[in-house]
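The values are calculated or read from the model by the stated rules, or taken from the named source; none is laboratory data. All of these numbers come straight from a predicted model, not from anything done at the bench. Backbone-built Cβ (ideal geometry, glycine too); neighbour counts: all protein chains shown. We work out accessible area using only protein heavy atoms, side chains counted, and drop any ligands, DNA or RNA first. Shrake-Rupley method; radii C 1.70, N 1.55, O 1.52, S 1.80 Å.
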Amino acid sequence: MHSKSYITVRYAETDRMGIAHHSNYPVWYEVGRTDYIKLYGVTYSEMEKAGVLMPLTNLSCSFKTPALYEDNIIVRTWVIGLRAAQIQFTYTVKRINPDGTETELGYGTTEHGFVDSKTFKPCNIKKRMPTLYEQIKATL
């Protein structure tokens, strides 16, 4: 299972040449992660209320073709790894062309730990949020 997040490249995200700055990709990945978690009926804020945070531990981005001002893009997000205290996501970012075809702009991965919101020590998501863990695990 994967999420689909639709974004229009905003002027503030571009440089003088009208090209989206590379620093926007991690922000777009965050949109994808948020939408992915929502597929399971849970929001990030609900996870935080349950005492679980997901700090970033690793990030990779690869770029193929630049995104431009006012491009309509789609970010697809999947989970590629899940353990009791860690989760790995992968992302593709594509331009939606006027004819409906898509052009790959880039792709990447992020890794996150599950930590207790009070102690910042690793926590076991299988025990804290067993339904969410099982639902995601079933899609791998």
Cβ crowding within 10 Å averaged over residues, with 19-29, 92-102 ranked highest first: 19-29, 92-102
Å² of accessible area per residue within the chain, as computed with a 1.4 Å probe and no ligands counted: 56 Å²
Residue 124 paired with residue 34, simple spin-label distance in nm, labels 7 Å along Cα-to-beta-carbon: 3.2 nm
Karplus-derived HN-Hα couplings along region 103-116 (A = 6.51, B = -1.76, C = 1.60, θ = phi - 60°), whole Hz, x at Gly and Pro: 10, 5, 9, x, 7, x, 9, 9, 10, 9, x, 9, 10, 5
Spacing of the two label points (7 Å from each Cα toward its C-beta) at residue 50 and residue 70, in nm: 4.3 nm
Whole-number percent relative contact order across the chain, with pairs defined as alpha carbons under 8 Å at least 6 apart: 28 percent
MRE, 222 nm, helices only [DSSP H, n ≥ 4, -39500 (n - 2.57), over the chain, to nearest 500]: -6500 deg cm²/dmol
The chain: most fluctuating residue of 108, 18, 41 per GNM, C-alpha cutoff 10 Å: 41
Simple label model, 7 Å out from Cα along Cβ direction - residue 1 to residue 137, nm: 1.5 nm
Listed peptides 45-57, 71-83 by packing density, highest first (mean Cβ within 10 Å): 71-83, 45-57
Kirkwood hydrodynamic radius (C-alpha pairs) into Stokes-Einstein, region 99-140, 37 °C and 0.692 mPa s, D in µm²/s: 245 µm²/s
Portion, in percent, of the accessible area of region 7-139 that falls on carbon or sulfur, probe 1.4 Å: 53 percent
At 0.692 mPa s and 37 °C, Stokes D of the chain from Kirkwood alpha-carbon radius, µm² per second: 207 µm²/s
Region 30-106 and region 114-138: distance between their alpha carbon centers, rounded to Å: 19 Å
